[in-house]
Amino acid sequence: MIKLKLDNVNKQLGGMRILRDVNLEIAAGEFVVFVGPSGCGKSTLLRLIAGLDSICGGNLVIDGRRVNDLEPRERGVGMVFQSYALYPHMSVYDNISFGLKLAKTEKTSLRERVLKTAQILQLDKLLQRKPKELSGGQRQRVAMGRAMAREPDILLFDEPLSNLDASLRVQMRNEIARLHARLGSTMIYVTHDQVEAMTLADKIVVLNGGRVEQVGSPRELYERPASRFVAGFLGSPRMNFLPARLQTPGETSLVDTLVWGITPLPFDSSNLATGTQLSLGIRPEHVSLKAADGAAGVVVTAVEYLGSETYVHLDTGQDEPLICRCEVSAGWQAGDRVELQLDIDNLHLFDADGAALRRHPQAIETLPDSVSLRSARASAL
């Protein structure tokens, strides 16, 4: 069942288009995360759904009803803001019940709903405290409780954890995930933190320059990004990119790469011309290293130790180092010379506009399981 639908939604502000032709469907009970860089339009989109900003074009439909012109309180949504927006002179109880009082909720029902909400959020022992007596995580739960108490059809979160320290963000992230599992309500969550997006979402909506770049599950977007932008945005460290040139187009592409010369790759380039500039993508965990013989291979320029793993930076002759995620036991050090093995099954190929080329469904028998990068100073493409 479709809970919310955005149909060709546009937003313009001061002559600038903030959102461009946004089309999106969100099912009942889904946890959807809007993610993207600063200024991409994700918070604006959330405010349009909440009714805090007006839509310049298109339709917003909730439960089959067009709500473009309805007031926020008439839309059946509750919103949790980044800044908490608590009333400092009110107790936790009064903050949670504030929206219910404005709606003239009957007193017995109001009390029942506040106590139920406080119990769910583990605030039942803090109801008489003022916000200044609470920790950051407790204040955030009060802000969530105020939205929940109204029993909205959709809960909206606008970067709710950005003001918390790292350890508290992890704790609150887990609490929000458990809350969604317990309530089963539709939640829409805005963040610039890709870890929050990957761990919380049933579905991620990646925004770029006011447009929807890709929609899908965290796994789908991570493993099969539709564009170089999505590939580079999701993942930490981000995907490595190497230049390439299309030698022979077709259902199987013959590609001239910095990596290992002219090689067939399982990507369909039938619609591209010979000589088209491409980008070859590979994630750090899909690069493995072995010691190089003599002066062959590439040079390790830096090693980041993270306890359970290390990130090894390599000089491939490009502007940015190529990064490999390795086990600590490998013991690589700056100055080492190594050979790279790239996993063919996890390569990505993007055209000059950044669109991902479709992977050919049938494996190419002549391809090795992996390919090697031996020379850091291969001829420029």
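In table form, for the structure just shown:
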| item | result |
| --- | --- |
| Within the stretch 32-43, tally of residues that are surrounded by fewer than 20 Cβ atoms within 10 Å (Cβ to Cβ) and at pLDDT 95 or above | 0 |
| Candidates 8, 23, filtered to the one that is touching a residue at least 24 places away in the same chain (Cβ under 8 Å), touching a Gly at 6+ places or on another chain (Cβ under 6 Å), under 17 Å from residue 209 (Cα atoms) and loosely packed, with under 13 Cβ neighbours inside 10 Å | 8 |
| Every pair of residues 6+ apart whose Cβ atoms lie under 8 Å, when the first sits in the stretch 114-137 and is more than 19 Å from residue 85 (Cβ to Cβ) while the second is aliphatic (A, V, I, L, M) and in a helix (DSSP H, G or I) | 120/148; 120/179; 120/183; 124/115; 124/118; 128/92 |
| Filtered residue count, the stretch 244-266, keeping only those that are crowded, with 17+ Cβ neighbours inside 10 Å and either outside the structural domain of residue 281 (by TED's automatic domain parsing) or in a strand (DSSP E or B) (or both) | 9 |
| Residues of the stretch 292-307 classified as exposed (fewer than 12 other Cβ atoms within 10 Å of the Cβ) and at pLDDT 90 or above, total | 3 |
| Count of residues meeting criterion [in a loop (DSSP other than H, G, I, E, B), within 20 Å of residue 174 (Cα to Cα) and of a type in the set (Lys, Arg)] in the stretch 129-139 | 0 |
| Subset tally (residues that are within 24 Å of residue 87 (Cα to Cα) and either assigned to a loop (DSSP other than H, G, I, E, B) or within 16 Å of the chain's Cα centre (by Cα) (or both)) for the stretch 140-168 | 13 |
| Filter result for the condition that a residue is part of a loop (DSSP other than H, G, I, E, B), crowded, with 18+ Cβ neighbours inside 10 Å and within 27 Å of the chain's Cα centre (by Cα), over 49, 55 | 55 |
| Condition check for residue 117: β-branched (Val, Ile, Thr), over 34 Å from the mean Cα position of the chain (by Cα), buried (at least 17 other Cβ atoms within 10 Å of the Cβ) and at negative phi | no |
| Members of the stretch 100-128 found to be of a type outside the set (Val, Ile, Thr), closer than 23 Å to residue 178 by Cβ and not in a loop (DSSP other than H, G, I, E, B), listed by number | 112, 113, 115, 116, 118, 119 |
| Failed criterion for residue 92 (all others in (1) over 25 Å from residue 46 (Cα atoms); (2) surrounded by fewer than 20 Cβ atoms within 10 Å (Cβ to Cβ); (3) of a type outside the set (Asp, Glu) hold) | (2) |
| Top-ranked residue of the stretch 58-81 - restricted to ones that are part of a loop (DSSP other than H, G, I, E, B) and charged (D, E, K, R), ranked as surrounded by the most Cβ atoms within 10 Å (Cβ to Cβ) | 75 |
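The values are calculated or read from the model by the stated rules, or taken from the named source; none is laboratory data. In this text, all values refer to a predicted model and were calculated from it rather than measured experimentally. Heads up, the Cβs are rebuilt from the backbone with ideal geometry, glycines too, and the neighbour counts pull from every protein chain shown.
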